[in-house]
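Presented below is the structure to which this report refers.
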Amino acid sequence: MGDDKKEKTAKVKETHGTYFIDERYEIIGGVRYGFLTSPKFSHQDALGRLHLAFHSACSEDGVILLAPMDVHFDEENILQPDILYIRGENKGIIQDGYVYGAPDLVVEILSGSTARRDKTIKKSTYERFGVGEYWLVDPVYRLVEQFAIVEGRYHLLATLSEEDKLVSATVPCLTVDLSAVFVEEEEAGK
């Protein structure tokens, strides 16, 4: 008799209540993903400028939230987008201080530690749960990829540069002049 039986590695499905550690993480497909580093200046600068653009254009029409804010799609999918927008008529998904359901628009700003996840599993999760519009913002190359759900799937509507205006496909009040988002680092005070 041999001991050549392979021992199976146990996989643990994680839920939001599993960890009581004061740190940022997301659960995607039941797997916990931590945020390994804090964002760089270009990420935070783009985040702040986008928030200002959202606020000046759409604050009367809906709710604009910044990370960290848990968006609960189900027990196995709790994500923290950089920016999320919920139209006024959909504010019912905000319950007990959290978001339970699909925001109308989600923005992820790419960073070295999260870009791959933002472009793959987070994008497919947002698509699967019906987030109407998804922006991937690249502060290094100064580009925005704009996706919207068409017949249940994300379609790339545009790849925009700092010279363009981004017009939301799902949020009527939202137009963003990207030259105001991607400013020169010297102008931003760096």
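When you go through Thr15, Thr9 one by one, which is the residue that is open to solvent by 30 Å² or more (accessible area, probe 1.4 Å), under 22 Å from Val131 (Cα atoms) and at pLDDT below 75? Write out each step before concluding.
Numbers: Thr9 fails: under 22 Å from Val131 (Cα atoms).
Answer to the selection: Thr15.
Which residues, taken from the range 68-97, are within 16 Å of the chain's Cα centre (by Cα), surrounded by fewer than 20 Cβ atoms within 10 Å (Cβ to Cβ) and of a type in the set (A, V, I, L, M, F, W, C)?
Result: Met69, single match.
Only one of (1) within 23 Å of Arg117 (Cβ to Cβ); (2) in contact (Cβ under 8 Å) with a residue 40 or more places away in the chain; (3) of a type outside the set (Gly, Ala, Ser) fails for Arg153. Which number is that?
Here Arg153 meets the rest and fails (2).
Any chance the range 133-150 includes a residue that's buried (at least 16 other Cβ atoms within 10 Å of the Cβ), among the hydroxyl-bearing types (Ser, Thr, Tyr) and over 23 Å from Asp45 (Cα atoms)? Break it down stepwise before answering.
Here is the first cut: in the range 133-150, the residues buried (at least 16 other Cβ atoms within 10 Å of the Cβ) are 133-139, 142-149.
Keeping just the survivors that are among the hydroxyl-bearing types (Ser, Thr, Tyr) gives 134.
Next, only the ones that are over 23 Å from Asp45 (Cα atoms) stay: none.
Checking the range 133-150: not a single residue is buried (at least 16 other Cβ atoms within 10 Å of the Cβ), among the hydroxyl-bearing types (Ser, Thr, Tyr) and over 23 Å from Asp45 (Cα atoms).
Residues that are closer than 21 Å to Phe54 by Cα and among the charged types (D, E, K, R): which strands (runs of 3 or more DSSP E) entirely in the range 85-189 hold 1 or more of them?
Per the criteria, 105-109, 133-138, 143-150, 165-167, 175-177.
For the range 30-58, how many residues are part of a helix (DSSP H, G or I), among the small types (Gly, Ala, Ser) and farther than 14 Å from Arg142 by Cβ?
Residues flagged as part of a helix (DSSP H, G or I), among the small types (Gly, Ala, Ser) and farther than 14 Å from Arg142 by Cβ within the range 30-58 amount to 4.
The values are calculated or read from the model by the stated rules, or taken from the named source; none is laboratory data. Quick caveat: nothing in here was measured; it's all calculated off a predicted structure. We place every Cβ from the backbone using ideal geometry, glycine too, and count neighbours over all the protein chains shown. SASA here: full protein model, heavy atoms, side chains in, ligands and nucleic acids out. Shrake-Rupley method; radii C 1.70, N 1.55, O 1.52, S 1.80 Å.
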